[in-house]
1. Among the residues in the stretch 162-173, are any under 24 Å from the mean Cα position of the chain (by Cα) and either surrounded by fewer than 16 Cβ atoms within 10 Å (Cβ to Cβ) or not in a helix (DSSP H, G or I) (or both)?
2. Output the residues belonging to the stretch 118-129 that are within 16 Å of the ligand (Cβ to nearest atom), of a type in the set (Val, Ile, Thr) and either part of a helix (DSSP H, G or I) or in contact with a Ser or Thr (Cβ under 7 Å, 6 or more places away or on another chain) (or both).
3. Give the stretch 160-193 a look and list any residue that's of a type in the set (S, T, N, Q) and more than 18 Å from Pro148 (Cβ to Cβ), or say none.
4. Suppose we filter the stretch 149-161 for residues that are open to solvent by 60 Å² or more (accessible area, probe 1.4 Å) and part of a helix (DSSP H, G or I); how many remain?
5. For Tyr94, indicate whether it is modelled with pLDDT of 95 or more, of a type outside the set (Lys, Arg) and part of a loop (DSSP other than H, G, I, E, B).
6. Residues that are basic (Lys, Arg) and open to solvent by less than 30 Å² (accessible area, probe 1.4 Å): does the stretch 1-24 have at least one?
7. Which of the residues spanning the stretch 81-109 are in contact with a strand residue (DSSP E or B) (Cβ under 6 Å, 6 or more places away or on another chain) and of a type outside the set (Ser, Thr, Tyr)?
8. Looking at Ala105 and the list (1) open to solvent by 30 Å² or more (accessible area, probe 1.4 Å); (2) at negative phi, which single condition is not satisfied?
Amino acid sequence: MDAAVKKVRVPDFAAMKARGERITMLTAYDYTMAKILDKAGVDALLVGDSLGNVQLGYDNTLPVTLEDMIHHTQAVSRACKRALVVADMPFLSYGVDINAAVYNAGRLIKEGGADAVKIEGAGSLITQAIARMVEIGIPVVGHLGLTPQSIHRMGGYRVQAKTPEGVEKLLADAAQLQEAGIFALTLEGIPAQPAAQVTASLRIPTIGIGAGAACDGQVLVCYDALGMVDDLHPKFVKQFGQIGQAITEAVQAFCREVKDGTFPGPEHTYGEYVSPAKSDHS
Ligand code: KIV
């Protein structure tokens, strides 16, 4: 590893919360993008199971397999010198059986090269599995609020914790996950007030997506943040660049120059090429 680059480690998350420094996280799914994001200085890269939507073109995250996650996590972790790499546990890889959950989490660390895993939801099976993972050295990030793997139970991607009972459950689940040993908690798709309450109630940092400004950090899907998605604009997304437009313009320039023969020029060509027409007249 480059000696000048200091890798972000799991304990740094607690230290950042303690000193009031906000944590930055973006999703990444491939080597080239991960290398750019890592070099830009983001604290953590999440190999989200959102790769089902944005890389594989599924309607939701449910079809994503553990093998998909390992494959993409390997690519991202090869690129990362600084950022902490967190890999999502996909649907059915953790909710059925504790031993299977621990083993599958271990594969994301051992084969994928992740520094930590992320799990959606709470409840006794999940918290027991998390406790066992933490016991054998697997750091875990929790994920509450709008949990995309529960799309059918929620009846769509809906803002959660909108009732007093919902907020009470969110606070109880967050406390339970902290007790089980998670080192950070993703809060997705909840109003700002309950997100602030959860954040204030925990020792560990919260990382919000559509959960307001009181969270200890923020995460976005990289393509959303970079302005590469033109069909969906949820309220919580800010486009920090217009990379989709920049790609379109670059591709149009490539097509134009190939069609009109200006690319490749002599500076992109090995050796000299004399066209038959020219050599006939010489
Ligand atoms: O899969 C994902 O990208 C996520 C983020 C939305 C937090 O879980």
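1. no
2. Applying the first criterion (within 16 Å of the ligand (Cβ to nearest atom)) to the stretch 118-129 yields 118-122, 126.
Those still in the list that are of a type in the set (Val, Ile, Thr) too: 119, 126.
The answer is Ile126, and nothing else.
3. Here is the first cut: in the stretch 160-193, the ones of a type in the set (S, T, N, Q) are 160, 163, 176, 178, 186, 193.
Those that are of a type in the set (S, T, N, Q) and more than 18 Å from Pro148 (Cβ to Cβ): Thr163, Gln176, Gln178, Gln193.
4. 2
5. Details: modelled with pLDDT of 95 or more: yes; of a type outside the set (Lys, Arg): yes; part of a loop (DSSP other than H, G, I, E, B): yes.
Criteria met by Tyr94.
6. Let us first name the residues in the stretch 1-24 that are basic (Lys, Arg), namely 6-7, 9, 17, 19, 22.
Of the ones still in play, those that are also open to solvent by less than 30 Å² (accessible area, probe 1.4 Å) are 7.
Yes, because at least one residue in the stretch 1-24 is basic (Lys, Arg) and open to solvent by less than 30 Å² (accessible area, probe 1.4 Å).
7. Our first condition is that a residue be in contact with a strand residue (DSSP E or B) (Cβ under 6 Å, 6 or more places away or on another chain); within the stretch 81-109, this holds for 83-89, 94, 105, 108.
Listed by number, the residues that qualify are Ala83, Leu84, Val85, Val86, Ala87, Asp88, Met89, Ala105, Leu108.
8. Every condition holds for Ala105 apart from (1).
The values are calculated or read from the model by the stated rules, or taken from the named source; none is laboratory data. This structure is a prediction, so every number in the text was calculated from the model and none was measured. Note that each Cβ is placed from the backbone with ideal geometry, even for glycine, and that neighbours are counted across all protein chains shown. These accessible areas exclude ligands, DNA and RNA; they are computed on the full protein's heavy atoms, side chains included. Shrake-Rupley method; radii C 1.70, N 1.55, O 1.52, S 1.80 Å.
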